[in-house]
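> Quick one: this structure, given as structure tokens, is what I'll be asking you about.
The values are calculated or read from the model by the stated rules, or taken from the named source; none is laboratory data. What you see is a predicted model; the values in this text were computed from it and never measured. Cβ atoms come from the backbone with ideal geometry, glycine included; neighbour counts cover every protein chain shown.
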Amino acid sequence: MESVNKQELIQKIKEMYKDVAEHPEGKFHFEMDRQLAEKLGYPSIYLDKIPKESIESFAGVGYYFDLADIKEGEQILDLGSGSGMDSFFAGLKTGKNGKVIGIDMTNEQLQKATKIKNRYGFSQIQFIKGYLESLPVFNNSVDVVISNGVINLCADKEKVFREIARVLKKGGRMAISDIVTEKPLTKGITCDVNLWASCIGGAMQIDAYKKAIEQAGLKIIKIKEHPEYNFLSKSAQGASKDFGVKSISILAVKK
């Protein structure tokens, strides 16, 4: 799949998600905030316990916590943690005896998430700057890796899945939501940084996506679709219709 310039892509993503952090009331290609979270299936009983400042910048594409089945005391790694909503959700699940590390490359998202966690006393959560292709985490140290709509933004997804397998303990779980396609995207889409940053241009064909997971040493246990997720802009909706762009959640286990 031909792709965009990686450095140009990273800069574009940082700019967009800076706006998501600082101006969540703005207009984007995708839905956001609590209304989206509830639409995807996040239980209100947990959303009520998560700081609203974090929820307002939530831009996930699915609900996977039912697949993740996080237990008290587990070590969780959130890839592309943004303003922290999923990290806070995981923190509620794992409790004070567990640990959640959120990884993100956008300074403004990290700053916002860190301020929120300090203000509300989520001592079991830490936010660190990093890139998904090179995780600043020890080998075999994590019980569960989570991620919501972020891996599609990465130019080297195979490397991301190898990194996930590296940091997971044997038998550890990967529970993620992401954007995939039924048909491979054309060059005009995969080389458009705006569509990449909007979670369209980097979407991988689903069979290739599953193959990349399995080749990294992870066994896929379950896949579910999220037909309730929709893009807002006409360009994104057009690509969705033409190429079968859709949201899915995947549970996989490290062999």
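> Which number in (1) within 23 Å of TYR229 (Cβ to Cβ); (2) modelled with pLDDT of 95 or more; (3) surrounded by fewer than 21 Cβ atoms within 10 Å (Cβ to Cβ) marks the one condition that GLU25 misses?
For GLU25, the exception is condition (2).
> For ILE70, state whether it is modelled with pLDDT of 95 or more, crowded, with 21+ Cβ neighbours inside 10 Å and assigned to a loop (DSSP other than H, G, I, E, B).
On the way: modelled with pLDDT of 95 or more: yes; crowded, with 21+ Cβ neighbours inside 10 Å: yes; assigned to a loop (DSSP other than H, G, I, E, B): yes.
Against the criterion (modelled with pLDDT of 95 or more, crowded, with 21+ Cβ neighbours inside 10 Å and assigned to a loop (DSSP other than H, G, I, E, B)), ILE70 qualifies.
> While we're on this one: May I ask you to list pairs of residues, at least six apart or on different chains, whose Cβ atoms are under 7 Å apart, with the first in the stretch 228-255 being free of Cβ contacts under 8 Å to residues at least 40 places away in the same chain and the second being aromatic (Phe, Trp, Tyr)?
Final answer for the pair search is GLN237/PHE231.
> Say whether the condition of being within 15 Å of the chain's Cα centre (by Cα), in contact (Cβ under 8 Å) with a residue 12 or more places away in the chain and assigned to a helix (DSSP H, G or I) is met by at least one residue in the stretch 74-84.
Looking only at the stretch 74-84, we keep the residues that are within 15 Å of the chain's Cα centre (by Cα), and these are 76-84.
Then keep just the ones that are in contact (Cβ under 8 Å) with a residue 12 or more places away in the chain; that gives 76-84.
Filter once more, keeping what is assigned to a helix (DSSP H, G or I): none.
Checked the stretch 74-84: no residue is within 15 Å of the chain's Cα centre (by Cα), in contact (Cβ under 8 Å) with a residue 12 or more places away in the chain and assigned to a helix (DSSP H, G or I).
> Give the residues of the stretch 1-51 that are β-branched (Val, Ile, Thr) and over 26 Å from LYS129 (Cβ atoms), sorted by residue number.
ILE45
> Let me ask another. So, in the stretch 32-65, how many residues would count as being closer than 18 Å to ASP19 by Cα and hydroxyl-bearing (Ser, Thr, Tyr)?
2
> Further question on the same structure: Restricting attention to the stretch 1-45, and to residues there that are part of a loop (DSSP other than H, G, I, E, B) and of a type in the set (A, V, I, L, M, F, W, C), which single residue is farthest from GLY80 (Cα to Cα)?
MET1
> Can you name every residue in the stretch 165-200 that is assigned to a helix (DSSP H, G or I) and either of a type outside the set (S, T, N, Q) or under 19 Å from PHE138 (Cα atoms) (or both)?
ALA165, ARG166, VAL167, LYS187, GLY188, ILE189, VAL193, LEU195, TRP196, ALA197
> Just give me the residues in the stretch 95-138 being basic (Lys, Arg) and surrounded by 18 or more Cβ atoms within 10 Å (Cβ to Cβ), in sequence order.
Correct list: LYS99, LYS112, LYS117.
> All but one of (1) of a type outside the set (A, V, I, L, M); (2) farther than 20 Å from ILE200 by Cα; (3) touching a residue at least 60 places away in the same chain (Cβ under 8 Å); (4) surrounded by 22 or more Cβ atoms within 10 Å (Cβ to Cβ) hold for TYR63, so report the exception by its number.
Just one mismatch for TYR63, condition (2).
> Of VAL193, VAL245, which residue is among the hydrophobic types (A, V, I, L, M, F, W, C) and either surrounded by fewer than 23 Cβ atoms within 10 Å (Cβ to Cβ) or more than 22 Å from LEU132 (Cβ to Cβ) (or both)? Spell out the reasoning first.
Details: VAL245 fails: either surrounded by fewer than 23 Cβ atoms within 10 Å (Cβ to Cβ) or more than 22 Å from LEU132 (Cβ to Cβ) (or both).
Sole residue among the options that is among the hydrophobic types (A, V, I, L, M, F, W, C) and either surrounded by fewer than 23 Cβ atoms within 10 Å (Cβ to Cβ) or more than 22 Å from LEU132 (Cβ to Cβ) (or both): VAL193.
> Pick from SER147, SER233, SER141: which is surrounded by 23 or more Cβ atoms within 10 Å (Cβ to Cβ) and either among the hydroxyl-bearing types (Ser, Thr, Tyr) or under 30 Å from LYS27 (Cβ atoms) (or both)?
Numbers: SER233 fails: surrounded by 23 or more Cβ atoms within 10 Å (Cβ to Cβ); SER141 fails: surrounded by 23 or more Cβ atoms within 10 Å (Cβ to Cβ).
Step by step, each of SER147, SER233, SER141 is checked, and only SER147 is surrounded by 23 or more Cβ atoms within 10 Å (Cβ to Cβ) and either among the hydroxyl-bearing types (Ser, Thr, Tyr) or under 30 Å from LYS27 (Cβ atoms) (or both).
> Can you name every residue in the stretch 208-246 that is polar (S, T, N, Q) and at pLDDT 95 or above?
As a first pass, look at the stretch 208-246 and keep what is polar (S, T, N, Q): 215, 230, 233, 235, 237, 240.
Listed by number, the list holds a single entry, GLN215.
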